[in-house]
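Structure first, commentary second.
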Amino acid sequence: MGTVVSIDIADDLPAERLRELIAGTCDWLHEVDARFSTYKEDSEVSRLRRGELTPAAGSADLRLVLDRCADLWRETDGWFDAYAGGPLDPSGYVKGWSVEVASARLAEAGSTRHHINAGGDIRMRGSAPDGGPWRVGIRHPWQADKLAWVLAVREGAVATSGTYERGAHVWNPRTGRPATGLCSVTVTGPDLAVADAYATAALAMGEAGLSWLAGRVAEGYESAAVTEDGRAFTSPGLPVAS
């Protein structure tokens, strides 16, 4: 997925069991990367883009992701668009979805306290190793050694979409050009796949995304954003660490 993933399991379990849980999580994430990567020529997504594979002939996971991307396209009035840059690229959903699934699998396997971070898309369950909430630093858009916010989360997800790491990689589907207006959007909530997609959609909207994000609070999704000219905005319930 073109990023680094870190896994922190805080459960009081035997070392061998912890290694098994980590290995199983890594296996799943490598499976997702092999299937959905836009960089691998033999991935299902690459084959679909070249017309060598139809959705009906793809895996169940591929069909699920395509269906969910279509749902989010409708829910965001087209601002979350897996085709915004031209060829299919479901990365704005897949990364968050894969980590959400990984966390659910860990929970089913007995891990009630863990933290998975895939390039700033993070899913947390239970308490951190010190017994408190997991602390998540949101990077300052222009100063890599500084933080814009520190969040405290026990159960939920944090997703950040921005232009400061990969440049203008989110497209405005209305204009067909790179999105402008916002340089960083962070969304917290119960589901990482949705939070990830919402952060991407808001970034694509530009400053209009600020009011759109405010409307997501009723769904349980809080947010923080920084505009290109340096203004910062947060929703009232953003879980900022005290």
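The values are calculated or read from the model by the stated rules, or taken from the named source; none is laboratory data. Since this is a predicted model, take the numbers as computed values, not measurements. Glycine also receives a Cβ, built like all others from the backbone with ideal geometry; neighbour counts cover every protein chain displayed. All accessible areas refer to the heavy atoms of the entire protein, side chains included, with ligands and DNA or RNA removed. Shrake-Rupley method; radii C 1.70, N 1.55, O 1.52, S 1.80 Å.
For the chain, the mean residue ellipticity at 222 nm estimated from helices alone is -11000 deg cm²/dmol, where every DSSP H run of n ≥ 4 contributes -39500 (n - 2.57) and the total is divided by all residues, rounded to the nearest 500.
If you take all other residues with their beta carbon under 15 Å from the beta carbon of A193, and give Lys and Arg +1 and Asp and Glu -1, the sum is -4.
What percent does the relative contact order of the chain come to when contacts are Cα pairs within less than 8 Å and at least six residues apart?
Working: 453 pairs, mean separation 40.3, N = 242.
So the answer I get is 17 percent.
For the chain, modelled as a GNM whose springs connect Cα atoms under 10 angstrom apart, the maximal fluctuation among D145, D81, D89 occurs at D145.
Here the calculated FRET efficiency for R49 and V240, from their Cβ-Cβ distance with R0 = 45 Å, stands at 0.65, rounded to the nearest 0.05.
Could you work out the local net charge near G86, counting Lys and Arg as +1, Asp and Glu as -1, over the other residues with Cβ closer than 14 Å to its Cβ?
On the way: positive: R49, R50, R177; negative: D81, D89.
Computed value for this residue: +1.
In this simple spin-label model, placing a label point 7 Å from the Cα along the Cα-to-Cβ direction at both R63 and E228 gives a separation of 4.2 nm.
Need one word for the range 101-164: rounded, prolate or oblate. Basis is the Cα gyration tensor (sqrt eigenvalues a ≥ b ≥ c); a/c below 1.5 gives rounded, then a/b vs b/c decides.
Numbers: a/c = 3.36, a/b = 1.78, b/c = 1.89.
Cα axes put the range 101-164 in the oblate bin.
Per-residue accessible area (protein heavy atoms, 1.4 Å probe) orders I9, I116, I22 as I22, I9, I116, starting from the largest.
If N is the number of residues in the range 162-242, what value comes out of its Cα radius of gyration divided by 2.2 N^0.38 Å? Walk me through the numbers before you get to the answer.
Working: Rg = 12.1 Å, N = 81, 2.2 N^0.38 = 11.7 Å.
So the range 162-242 has a normalised radius of gyration of 1.04.
Expressed as a fraction of 2.2 N^0.38 Å, the value expected for a compact globular protein of N residues, the C-alpha radius of gyration of the range 1-99 is 1.25.
For the range 47-167, place one equal point scatterer on every Cα, skip the solvent, and apply the Debye formula. What is log10 of I(q)/I(0) at q = 0.20, 0.21 Å⁻¹? Here the Debye-derived log intensity ratios amount to -1.18, -1.22.
Computed over the range 95-228, relative contact order equals 22 percent, with contacts defined as Cα pairs under 8 Å that lie 6+ residues apart. Restricting the calculation to Cα atoms, the range 77-137 yields a radius of gyration followed by a Dmax of 14.9, 46 Å. Judged by the gyration tensor of its Cα atoms, with axes a ≥ b ≥ c, the chain is oblate; a/c meets the 1.5 cut and b/c is at least as large as a/b.
Protection proxy ranking of 33-42, 187-196, by the mean of other Cβ atoms within 10 Å over each peptide's residues and highest first, is 187-196, 33-42. Based on C-alpha pairs under 8 angstrom that are at least 6 apart in sequence, the range 23-128 has a relative contact order of 19 percent.
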